Amino acid sequence: MPAIDTPAATRTTPLWTPSQVTVVFVLGGPGAGKGTQCAKLVTDYGFKHLSAGDLLREEQDRPGSEFGDMIRTYIKEGTIVPMEVTIQLLENAMKAAKDGEGKTLFLIDGFPRKLDQAHAFESTVVPSAFTLFLTCPEAVMESRLLNRGKTSGRADDNIESIKKRFRTFVETSMPVVDEFERLGKVVKVEAVKGPEEVYEEVQKGFAARGMKPLEVKE
Ligand code: C5P
Ligand code: MG
């Protein structure tokens, strides 16, 4: 088993091939409904769900983390945490969740948010199968986030941070979506309606990529 414990930073080939691990990225502006759609896909398709934002918040709150203060600052400012940290957290979580030698399906939510992390992940961890991209106007996302902010306890669900997150999304994360789109690797779904209606469209997009819900599988 060569290279399995080599850190991503020094690896020159991916840790896994797409036949060992299927990765679907889930992107969309803040408040587009990524987490909501991921929860449904986990139930119906057997994906394991990893949220980059959740992993960063966990690391931020882990006693003794050398990255805690740095992550807190980036999240509050709505900017992108340096990729080395995020990719290592993802890789660790994938290793922990992987089903032995069997093929494992991962939904990676809120990642890659910047071109450098897209390239580094695909060349050192595993190339992605495709990206689910949820589109939604900022006004709709803003009201969802302000609503969530009443109970989420998140330091970035306030109007100042929300505006900064929108800006980061347009300037830094959209180039990732654009690049995957040029490669023909994006399933784009409008995410303005309710969760069930959006999910119907998501399922059509997955079917078009050859992905079927568990109970329909042969
Ligand atoms: O996806 P979520 O909204 O939970 O992300 C919250 C914050 O975590 C982002 O605004 C950003 O500061 C940070 N983040 C990041 N890189 C990622 C995902 C999230 O820096 N790939
Ligand atoms: Mg989320």
message = Taking the Cα centre as origin and putting +1 on Lys and Arg beta-carbons and -1 on Asp and Glu beta-carbons, what dipole magnitude results for the range 41-111, to the nearest 20 debye?
response = 80
inquiry  = I want the local charge near residue 208. Using Cβ-Cβ distances under 14 Å, sum +1 for each Lys or Arg and -1 for each Asp or Glu among the other residues.
reply    = +3
note = Checked against the positive end of the charge dipole of the chain (+1 on Cβ of Lys and Arg, -1 on Cβ of Asp and Glu, about the Cα centre), the farthest of 42, 70, 60 is 42
remark   = Taking 0.36 nm per residue of separation between residue 139 and residue 190 and subtracting their Cα-Cα distance, the length gained on full extension comes to 16.9 nm
ask   = By per-residue mean of other Cβ atoms within 10 Å, what is the highest-first order of 143-149, 85-91, 7-13?
value = 85-91, 143-149, 7-13
query = Mean separation of Cα pairs under 8 Å and 6+ residues apart, divided by the residue count of the range 42-116: what relative contact order is that in percent?
reply = 48
task = Taking the Cβ of each residue in 166, 25, 133 as the centre, tally the other Cβ atoms inside 10 Å and list the residues starting with the fewest.
result = 166, 133, 25
inquiry  = Whole angstrom only: what separates the Cα centroid of the range 95-111 from the Cα centroid of the range 129-144?
reply    = 24
key: Magnitude of the charge dipole, the chain, Cβ model with Lys/Arg +1 and Asp/Glu -1, debye to 20   = 200
query = Hey, can you rank 190-197, 94-101, 47-54, 71-78 by average C-beta count inside 10 Å, highest first?
reply = 47-54, 71-78, 190-197, 94-101
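Any read-out appearing in this document is the output of simple, stated calculations on the displayed coordinates, not a laboratory observation. Predicted, not measured: the structure shown is a model, and the values here were computed from it. Note: ideal-geometry Cβ built from the backbone for every residue, glycine included; neighbour counts use all protein chains shown.
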